[in-house]
Amino acid sequence: MKSPEFPITDDHIHFDPVNGRGVDAAKDFFRAGGTHVFLVSKPSWSLSVHPVSGPDYTRVFDETLRVAELVSGTGIVVFPVLGVHPAEITRLMERMTLEEAVETMKGGIDCAAGYVREGRAVALKSGRPHYEVSQELLAASNDVLMHALTVAADLGCALQVHAETGPCTDIATMARNAGIPVERVVKHYGSPDTPLHPSLIAKHEGIPALVQSGRPFTLESDYMDENSRPGAVIGPKSVPRYTKQLVASGALTRDDCFRIHGETIEKVYGVTVALI
């Protein structure tokens, strides 16, 4: 296989050898021209982990790092992102109070922070429910998110945010109050109208215009790697495939690819993107 002309990075992807295709899906990404991935920890319940305290998330994070090592064997450079999925709050409330759920999620973020501090992960993940919830639950979720923003600021790392569709302007204000640069708060499944850093699904129709504007953004598949939902959200080959299609159409240049998949990634996450 010939060396890639430019890096191609998936900013938010999952590989799951237990519930999905695992390394085979990673090989698809690599064979399609992908070079780097941000491997994001899955929700606890999808790994049959049912936390009752923050340290219980260790099992989720250790599994993520185990998968990262397997995927690295394919030739892909893997950057682990660890944290607590915002929908956890609903699941946790099935067996504890709202206050206990908040403390458990904050404890999970603190646990993830330890991995970042040790250099075993590069960023944190948090957010708030992307579905309709009560004002009380929304306020509690924002409390958890503010904790994650503060921890990320203290660590000097990026934070991926999973939240509702839309600009999420208030999260930019929260980030400033927490002391983390807004450009290091990544809106997973983002849109060009967000003041946060937009990570766009690779087939987003706004990509050519965003390229022309010069605004930094990254691309993701949010591939879930679950046999029950094959190909959701889009498949593991999607970021390389759509990138190459944009290059072929003239919407992206080789320099654009280096900027989107390399330079911007480095600025947001503080990692090095190099072609091997």
Single condition residue 200 does not satisfy, out of (1) within 15 Å of the chain's Cα centre (by Cα); (2) crowded, with 20+ Cβ neighbours inside 10 Å; (3) under 17 Å from residue 85 (Cβ atoms): (3)
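Residues checked against (1) surrounded by 16 or more Cβ atoms within 10 Å (Cβ to Cβ); (2) part of a loop (DSSP other than H, G, I, E, B):
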{"position": "17", "(1), (2)": "yes, yes"}
{"position": "26", "(1), (2)": "yes, no"}
{"position": "38", "(1), (2)": "yes, no"}
{"position": "45", "(1), (2)": "no, no"}
{"position": "61", "(1), (2)": "yes, no"}
{"position": "86", "(1), (2)": "yes, yes"}
{"position": "100", "(1), (2)": "no, no"}
Considering residues of the range 239-261 that are free of Cβ contacts under 8 Å to residues at least 60 places away in the same chain and hydroxyl-bearing (Ser, Thr, Tyr) only, the residue surrounded by the fewest Cβ atoms within 10 Å (Cβ to Cβ): 249
Filter result (part of a loop (DSSP other than H, G, I, E, B), under 26 Å from residue 46 (Cα atoms) and touching a residue at least 40 places away in the same chain (Cβ under 8 Å)) within the range 210-232: 221, 222, 223, 224, 225, 226, 227, 228
Total residues in the range 104-137, condition closer than 16 Å to residue 91 by Cα and surrounded by fewer than 16 Cβ atoms within 10 Å (Cβ to Cβ): 5
Leading residue by the ranking (surrounded by the most Cβ atoms within 10 Å (Cβ to Cβ)) among those in the range 1-11 that are under 20 Å from residue 256 (Cβ atoms) and out of contact with any Cys (no Cβ under 6 Å at 6 or more places or on another chain): 11
Residue list for the range 64-112, filter: closer than 21 Å to residue 123 by Cα and touching a Lys or Arg at 6+ places or on another chain (Cβ under 8 Å): 64, 65, 80, 81, 82, 83, 84, 85, 86, 112
Residue within the range 138-149 that is crowded, with 21+ Cβ neighbours inside 10 Å and either within 19 Å of residue 80 (Cα to Cα) or basic (Lys, Arg) (or both) present: yes
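Could you tell me how many of the residues in the range 154-197 are part of a loop (DSSP other than H, G, I, E, B) and either more than 30 Å from residue 253 (Cα to Cα) or more than 12 Å from the chain's Cα centre (by Cα) (or both)?
Total meeting the criteria: 17.
Quick note: the coordinates plus some simple rules give every number you see, no bench work behind them. This one's a predicted model, so the numbers in the text were calculated from it and none came from an experiment. Please note: Cβ atoms are built from the backbone with ideal geometry, for glycine as well, and neighbour counts cover all protein chains shown.
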